[in-house]
């Protein structure tokens, strides 16, 4: 017999997505196109504060968005857990171009700081805000296997 993790237990990300606390949330943070660090560096950050303290910058004009209707699906056939949410929309977006979106877990949206936020997933998404809506079509924003 081999060593394995049962599908329902794969990844803390699935746990964060399913927490019932009214004050916690998964949030999308747009990242400016200039100054983004290499993936090999980004993957090691433990908080959003630490990540943003480096050369990668948040695009603050667009603002952060809370993910809504986050769903966790256990996929036994493919031995993974998939996470999905409603699409993310920045209405009448303006500001500097973005190249990426960071999804982070905020354990307390009422009092949390970036030092409390846990970075979960990083997504390539290039857009130049021009006053029109920017929509991110979410189709399994993360999979843990």
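The values are calculated or read from the model by the stated rules, or taken from the named source; none is laboratory data. Computed from a predicted model, the values in this text were never measured in an experiment. Here the Cβ is made from the backbone with ideal geometry for all residues, glycine too, and neighbour counts use every protein chain on show.
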Report summary line: Considering region 1-14, residues that are within 14 Å of residue 73 (Cβ to Cβ) and more than 12 Å from the chain's Cα centre (by Cα), and then whichever is modelled with the highest pLDDT, we arrive at 14
Report task. Would you confirm whether any residue within region 125-144 is assigned to a strand (DSSP E or B), modelled with pLDDT under 90 and out of contact with any helix residue (DSSP H, G or I) (no Cβ under 6 Å at 6 or more places or on another chain)? Result -> yes
Report summary line: Of the residues in region 29-78, those that are surrounded by 12 or more Cβ atoms within 10 Å (Cβ to Cβ), at pLDDT below 95 and either assigned to a strand (DSSP E or B) or on the phi > 0 side of the Ramachandran plot (or both) number 6
Query raised in the report: Is it the case that region 125-136 has a residue that's out of contact with any strand residue (DSSP E or B) (no Cβ under 6 Å at 6 or more places or on another chain), crowded, with 18+ Cβ neighbours inside 10 Å and touching a residue at least 40 places away in the same chain (Cβ under 8 Å)?
Result: yes
Requested in this report: Test residue 99 against the criterion of being touching a helix residue (DSSP H, G or I) at 6+ places or on another chain (Cβ under 9 Å), surrounded by 14 or more Cβ atoms within 10 Å (Cβ to Cβ) and farther than 24 Å from residue 11 by Cα, and give yes or no.
Outcome: no
Query raised in the report: Across region 60-84, what is the number of residues that are touching a residue at least 60 places away in the same chain (Cβ under 8 Å) and either over 15 Å from residue 118 (Cβ atoms) or over 13 Å from the mean Cα position of the chain (by Cα) (or both)?
Result: 10
Report summary line: Over region 107-123, the set of residues surrounded by fewer than 14 Cβ atoms within 10 Å (Cβ to Cβ) and either at pLDDT 90 or above or at positive phi (or both) is 113, 115
Query raised in the report: Does residue 104 meet the test of being over 14 Å from residue 29 (Cα atoms) and crowded, with 19+ Cβ neighbours inside 10 Å?
Result: no
Report task. Consider residue 88 carefully, then state whether it is out of contact with any helix residue (DSSP H, G or I) (no Cβ under 8 Å at 6 or more places or on another chain), closer than 20 Å to residue 143 by Cα and crowded, with 16+ Cβ neighbours inside 10 Å. Result -> yes
